[in-house]
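Only one structure is covered here, and it is reproduced in the block below.
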Amino acid sequence: MPRIFVTGSTDGLGRATAGVLIGQGHDVVLHARTRERAAALSDLAPDAAGVVIGDLSSAAQTRELARQVNQIGRMDAVIHNAGVYLEPSRSATAEGHAKTLAVNTLAPYLLTALIDRPDRLIYLSSGLHHAAAGSLRDIDWTGRSWNAAQAYAESKLHVIALVLTLARAWPEVLSNAVDPGWVPTKMGGPYAAATVSGGYWYHRQRQAPAPPARDPAFQDQLMDRLAALTGVALL
C-alpha cells in the first residue's frame with residue numbers, strides 16, 4: 001500500500017484525512033508539533049507507519065522533521081496540510097521570520113526540498129489566495145504593518161505558485177493544490193487529482209488560481225526569495 005505523510009495530523013482536516021487513509025489500509029506517517037501534541041494521536045498511532053515530531057515554525061525543527069521522514073523510508077505521497085490562520089501579530093520565529101510565513105510557506109518549501117521526492121505532492125491552499133497582492137517585496141513583514149488576513153492570503157498564494165513551479169520543474173511528480181473545502185471522506189484518498197499535475201482544486205473541480213501564481217516570472221522570483229530566506233535551493 002502507498003506510504004503517505006500528512007503534516008499537521010493531530011486535529012482538524014489533517015487528522016480526518018489521516019484517519020480515512022489509515023482506514024483504507026494506507027501506510028500513513030503522522031505528524032505532531034510536539035511530543036505532548038502527539039498524545040492526541042494515541043488512537044491512530046497503533047495503525048500508522050510512524051509518528052514524526054517537529055514544530056514547523058522552526059526551520060531547525062522542520063529540517064529535523066524531514067530527516068525523521070526520510071529515515072522511515074521514501075513516501076509515495078506527501079500531504080502538506082499543516083498551517084496557521086489569523087495570527088494576531090507577526091510573532092517572530094526563532095529565525096526571525098513572521099510565523100505565518102514560516103509555517104505556511106517556508107515549512108512546505110523546506111520539506112519539499114529535503115524529503116526524498118515522492119510520486120505525489122498535495123498542498124492545502126485557500127480561495128483566499130485571490131486576495132493576495134502578488135508582491136514579493138516584503139513577504140516576511142519586516143517593513144509593513146501587520147495584517148493577519150493579508151499575510152494568510154499571501155502565504156496561500158505562495159503555496160499555489162510552489163505547486164505550479166513543481167509541475168514545471170518535476171514533471172515526474174504529480175503536484176496539486178487543494179482548497180480546504182475538500183471533503184476527506186469523499187476524496188477517495190488524496191488522489192482525486194492523481195492523473196494530472198499543476199492543478200488547483202476546490203470540491204474536486206479544477207479552478208483557475210490567481211494570475212500571479214500562474215506567472216512563471218513570479219514563480220521564479222518566489223523560489224529565489226524562499227531559497228534566500230531558508231538557505232536551501234529547491235530547484
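The values are calculated or read from the model by the stated rules, or taken from the named source; none is laboratory data. Just so it is clear, the structure is predicted and the values come from calculations on it, not from any experiment. When we count neighbours, we look across all protein chains shown, and the Cβ atoms used for this are built from the backbone with ideal geometry, even at glycine.
Against the list (1) touching a Lys or Arg at 6+ places or on another chain (Cβ under 7 Å); (2) surrounded by fewer than 19 Cβ atoms within 10 Å (Cβ to Cβ), the condition Thr34 fails is (1).
Listed residues Leu111, Leu101, Leu106, Leu65; which is in a helix (DSSP H, G or I), in contact with a strand residue (DSSP E or B) (Cβ under 6 Å, 6 or more places away or on another chain) and buried (at least 23 other Cβ atoms within 10 Å of the Cβ)? Selected residue: Leu65, the only one of Leu111, Leu101, Leu106, Leu65 that is in a helix (DSSP H, G or I), in contact with a strand residue (DSSP E or B) (Cβ under 6 Å, 6 or more places away or on another chain) and buried (at least 23 other Cβ atoms within 10 Å of the Cβ).
Would you check if there is a residue in the stretch 53-62 being at pLDDT 95 or above, in contact with a strand residue (DSSP E or B) (Cβ under 8 Å, 6 or more places away or on another chain) and among the hydrophobic types (A, V, I, L, M, F, W, C)? Looking through the stretch 53-62, at least one residue is at pLDDT 95 or above, in contact with a strand residue (DSSP E or B) (Cβ under 8 Å, 6 or more places away or on another chain) and among the hydrophobic types (A, V, I, L, M, F, W, C).
Every residue, every condition in (1) touching an Asp or Glu at 6+ places or on another chain (Cβ under 9 Å); (2) at pLDDT below 95; (3) not aliphatic (A, V, I, L, M), yes or no:
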residue	(1), (2), (3)
Thr7	no, no, yes
Gly14	no, yes, yes
Asp27	yes, no, yes
Glu36	no, no, yes
Val51	no, no, no
Glu64	no, no, yes
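Return a yes/no flag: does the stretch 116-126 have any residue that is in contact with a Phe, Trp or Tyr (Cβ under 8 Å, 6 or more places away or on another chain), hydroxyl-bearing (Ser, Thr, Tyr) and in a loop (DSSP other than H, G, I, E, B). Yes, there is a match, as at least one residue in the stretch 116-126 is in contact with a Phe, Trp or Tyr (Cβ under 8 Å, 6 or more places away or on another chain), hydroxyl-bearing (Ser, Thr, Tyr) and in a loop (DSSP other than H, G, I, E, B).
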